[in-house]
Amino acid sequence: PGDDEPRKLQNLRAGLRGVYREWYILDTSPPAVYVFRPDSACSYYTTLIGRDSQTEIVDIARDLRGQVYALDRRAKVIIRYSADGSPLGNVVDRDDEWNRPEAIDIDALGNIYYLDRNLKEVIVYDRDGNQLHRMGPNIGSIELKSPRDIAVDGSGRIYIADKDLPGVIVIG
């Protein structure tokens with residue numbers, strides 16, 4: 001992506017495949033989510049969230065409807081976009097209680113899993129942004145120390161990667 005000529009992506013943070021086989025790539029320098037077409041060259045199509053110094057997008061996720069979610073660390077919001085890239089607004093806005101937004105994922109029911117690195121918590125919201133569950137920093141006999149990523153599989157199992165633990169935590 002570039003104005004007149006292509007430029008290299010600088011600091012890739014996340015990527016996901018869309019429902020139309022397109023790729024969403026999160027580059028944090030400058031902060032932007034780029035969309036690439038599924039042609040033979042995987043060519044640049046558009047910038048979903050663009051080069052705005054007011055945003056700090058740190059993770060992206062997609063639901064089964066093809067909607068894309070972006071976690072903005074600076075604004076402490078999760079923004080939802082339609083499958084065609086149209087902004088649908090903030091789905092979760094927790095400026096008052098989030099500390100360091102780190103990662104998100106979406107389950108098969110459309111629930112949003114939010115990981116806070118400093119609070120060492122996972123907070124689960126429904127698709128409308130209502131809080132459903134909160135877990136951490138102790139999950140069973142394991143204490144989260146420095147959680148960095150979260151994933152939810154098709155069976156509803158939650159995976160938490162913590163850089164200071166010897167393995168991935170699996171819940172469910």
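One Cα centroid belongs to the range 103-172, the other to the range 57-87; the line between them spans 17 Å.
Summary value for the range 1-135: 13 percent relative contact order, contacts being C-alpha pairs under 8 angstrom separated by 6+ residues.
May I have the count of lysine pairs in the chain with C-alpha atoms under 27 Å apart, counting pairs 8 or more residues apart or located on different chains? Taking the chain as the scope, the lysine pair count is 6.
Projecting the Cα positions of V170, Q54, Y24 onto the charge dipole of the chain (unit charges on Cβ atoms of Lys, Arg, Asp and Glu, taken about the Cα centre) puts V170 furthest along the positive direction.
Plainly put, the range 56-147 has a radius of gyration that is 0.97 times its Kirkwood radius, both from alpha-carbon atoms, as the Rg/Rh ratio. Computed about the Cα centre, the dipole magnitude for the chain is approximately 280 debye when only Lys and Arg (+1) and Asp and Glu (-1) carry charge, each at its Cβ. Taking the 1.4 Å solvent-accessible surface of the chain as the whole, the part contributed by carbon and sulfur is 45%. The length gained by stretching the chain between S40 and I142 to full extension, at 0.36 nm per residue less their Cα-Cα distance, is 32.2 nm.
Calculated FRET efficiency, V168 and R74, Cβ-Cβ r, R0 22 Å, to nearest 0.05? Mind showing how you got there, number by number?
Details: r = 28 Å, r/R0 = 1.27.
About 0.20, to the nearest 0.05.
Between D153 and A83, the contour length at 0.36 nm per residue exceeds the alpha carbon distance by 23.1 nm.
Output needed for the range 25-109: three equivalent-ellipsoid semi-axes, defined as square roots of 5 times the C-alpha gyration tensor eigenvalues, in descending order, whole Å. The partial results should precede the final answer.
On the way: eigenvalues 98, 51, 22 Å².
So the equivalent ellipsoid measures 22, 16, 10 Å along its semi-axes.
With a Förster radius of 35 Å applied to the C-beta separation of Y20 and Q54, the computed FRET efficiency comes to 0.75. For A75, the residues 5 or more places off, or on other chains, whose built amide H falls under 5 Å of its own are E56. Here the relative contact order of the range 34-110, from alpha carbon pairs under 8 Å that lie six or more residues apart, stands at 24 percent.
For the chain, the per residue solvent-accessible surface stands at 52 Å², with DNA, RNA and ligands left out and a 1.4 Å probe.
Summary value for the range 61-172: 16 percent relative contact order, contacts being C-alpha pairs under 8 angstrom separated by 6+ residues.
So if we plug the beta-carbon distance of R13 and R134 into 1/(1 + (r/R0)^6) with R0 = 22 Å, what FRET efficiency do we get, rounded to 0.05? Present the calculation step by step, with values, prior to reporting the outcome.
Working: r = 25 Å, r/R0 = 1.15.
That gives a FRET efficiency of 0.30.
The values are calculated or read from the model by the stated rules, or taken from the named source; none is laboratory data. Predicted, not measured: the structure shown is a model, and the values here were computed from it. Glycine also receives a Cβ, built like all others from the backbone with ideal geometry; neighbour counts cover every protein chain displayed. The accessibility values were calculated without ligands, DNA or RNA, using every heavy atom of the protein model including side chains. Shrake-Rupley method; radii C 1.70, N 1.55, O 1.52, S 1.80 Å.
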